[in-house]
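Trainee: Below is one structure. I have some questions about it.
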Amino acid sequence: MPTIALDLGGTRIKFGLVENGQLLASANIAVSSESFAAVMPVIETQVAALMEEAGVEKIDGIGMAFPTIVDSDRMKLLYKYVKYNDANDLDLIGWAKSKWNAPLVMENDARAALVGEWQYGAGRGTDNLVMVTIGTGVGSAALMNGRLLKGSHYLAGNLGGHQVIRFDGVRCNCGNVGCLESEASSWALPELIKRQPGYSESPFVPSTRDEKPDFEAVFRLAAEGEPFALSIRNRSLEVWAAGIQNLVFAYDPERVVIGGGVMHSADVILPYIQKKLGEAAWMPPQPAVMVAAQQPDWAGVLGMGYLATQLK
């Protein structure tokens, strides 16, 4: 029997009606409300539409991935992070039971993406896996001996983007100083660019570029040999390589799956990080292999679909 899976992003929600790793129906909709209570009717309507589209009358479970730390035993969000701060005040388990007569599972979005890649993507065939997503921010998750790593406070493996790699770096939006995410992510890129020598002569000056700078522009101009873009690209690669090396040291995976918006430049990113990892001390003759996510858009949905099947 199929399950319903949701990946609740900052501005969009991805829906999937999932069965045996296949999307029977899917949707990707924009949401403007920061209140989960206000979004619940939207979810109900969209789920009904997917079930009607696929000719399904009953589901076996419903899974929701949230962009925050999740207690997946009690189905609670542990930190109030930007959106859906009212979710813990709602009886979501009762809601799922009354609307769909189905059990509910909740998980962090990076863990959901890891499960999706482990079961249906680039992580198949190994039970020791790290997932890193590099985009607006930097997310991570770890699987050891076939089990999701969670820890005593459900933080384990999840905060790769907030490992401190520069004690004298810039302040992150989490409050720490020198996080990986504050040194090389899409949200931090505009300020990073402005701090670099040569900015006033670069192609990223606002007067010569209408939209905010992004990594697509950085990698494109770097490939053309533009010196300033090369310096930003190479610095970002160093930051990502250092962070991933720390995760490899911590969790000793066989494979590291890298996803996120920057992976449009996987042909540059993967070899660079693989080479840096191979140069590190204490690495075995065959260190963890860097691979690109095979389900970059729907890994979280597929992962939650799988987790929803494990509820019984």
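Trainee: Per residue of the chain, what 222 nm ellipticity follows from adding -39500 (n - 2.57) for every DSSP H run with n ≥ 4, rounded to the nearest 500? Each step should come with its number before you reach the end.
Mentor: Numbers: 9 runs with 110 residues, N = 312.
The per-residue figure over the chain is -11000 deg cm²/dmol.
Trainee: If eta is 1.567 mPa s and T is 4 °C, what Stokes-Einstein diffusion coefficient results for region 85-208, Kirkwood Rh from Cα pairs, in µm²/s?
Mentor: Working: Rh = 17.4 Å.
Taking Rh from Cα pairs, D becomes 75 µm²/s.
Trainee: Can you give the extra length, in nm with one decimal, that the chain gains between Asp252 and Asn20 once fully stretched, where that is 0.36 nm per residue apart less the Cα-Cα distance? Mind showing how you got there, number by number?
Mentor: Details: separation 232, 0.36 × 232 = 83.52 nm, distance 2.93 nm.
80.6 nm is the gain from fully extending Asp252 to Asn20.
Trainee: Pick the calculated Cα extents along the principal axes in Å for this structure from [x] 59, 46, 36; [y] 63, 48, 42; [z] 59, 49, 33?
Mentor: [z]
Trainee: Moving on to the next point. Name the residue, out of Met64, Met131, Met283, whose mean-square fluctuation peaks in a Gaussian network model built on the chain with Cα pairs under 10 Å.
Mentor: Ranking Met64, Met131, Met283 by mean-square fluctuation puts Met283 first.
Trainee: Another question about this same structure. Using the beta-carbon distance between Asn234 and Ala54 and R0 = 45 Å, what value does 1/(1 + (r/R0)^6) give for FRET efficiency, to the nearest 0.05?
Mentor: For Asn234 and Ala54, the calculated efficiency is 0.45.
Trainee: Kirkwood Rh and Cα-based Rg: tell me the resulting Rg over Rh for region 152-238, rounded to two decimals. Before the final figure, lay out each step's value.
Mentor: On the way: Rg = 14.5 Å, Rh = 14.0 Å.
Result for region 152-238 is an Rg/Rh of 1.04.
Trainee: Ranked from highest to lowest mean number of other Cβ atoms within 10 Å per residue, what is the order of the peptides 17-23, 72-78?
Mentor: 17-23, 72-78
Trainee: Strictly over 30 Å apart at the Cα level, which of Lys14/Lys150; Lys76/Lys99; Lys150/Lys276; Lys76/Lys275 would you flag in this model?
Mentor: Numbers: Lys14/Lys150 24 Å; Lys76/Lys99 19 Å; Lys150/Lys276 28 Å; Lys76/Lys275 40 Å.
Result: Lys76/Lys275 exceed 30 Å.
Trainee: Shifting gears a bit: Enumerate the amide H contacts of Asn85 below 5 Å, restricted to partners 5 or more residues apart or on another chain; note that Pro and chain-start residues carry no placed amide H.
Mentor: Long-range HN contacts for Asn85: Phe36.
Trainee: While we're on this one: Express in whole angstrom the spacing between the alpha-carbon centres of region 127-157 and region 255-312.
Mentor: 11 Å
Trainee: Springs between alpha-carbon pairs under 10 angstrom, Gaussian network model over the chain: which of Pro203, Pro285, Pro227 fluctuates most?
Mentor: Pro285
Trainee: Let me have the relative contact order for region 1-120, percent, based on Cα pairs under 8 Å that are six or more residues apart. Present the calculation step by step, with values, prior to reporting the outcome.
Mentor: Working: 203 pairs, mean separation 32.6, N = 120.
So the answer I get is 27 percent.
Trainee: Ok, one more. Would you work out the Kirkwood radius for region 123-292? I mean one over the mean of 1/r across all pairs of different Cα atoms, in Å. Could you put the intermediate results ahead of the total?
Mentor: Numbers: mean 1/r = 0.0600 Å⁻¹.
Value: 16.7 Å, from the Cα pair sum.
Trainee: Taking 0.36 nm per residue of sequence separation and subtracting the Cα-Cα distance, how much length would be gained by fully extending the chain between Val42 and Asn176, in nm to one decimal?
Mentor: My answer for the length gained is 44.7 nm.
Trainee: Which is the longest part of the chain that has none of the chymotrypsin sites (Phe, Trp or Tyr not before Pro) sitting in a DSSP loop with at most 13 other Cβ atoms within 10 Å? Before the final figure, lay out each step's value.
Mentor: Details: sites that count: Tyr79, Phe167, Trp282.
The answer is 168-281.
Trainee: Mean projection of the alpha-carbon convex hull of region 1-138 over all orientations, in nm²? Don't skip to the end; give the middle numbers.
Mentor: Numbers: hull surface 33.7 nm².
If I average the Cα hull's projected area over directions, I get 8.4 nm².
Trainee: Calculate the spin-label point distance for Gln196 paired with Ser32, positioning each point 7 Å from the Cα along the beta-carbon direction, and give it in nanometres.
Mentor: 3.6 nm
Values in this text are rule-based calculations from the coordinates and carry no lab data. Everything numeric here is computed off the predicted structure, so don't read it as measured data. Cβ: placed from backbone, ideal geometry, glycine included. Neighbour counts: every protein chain shown.
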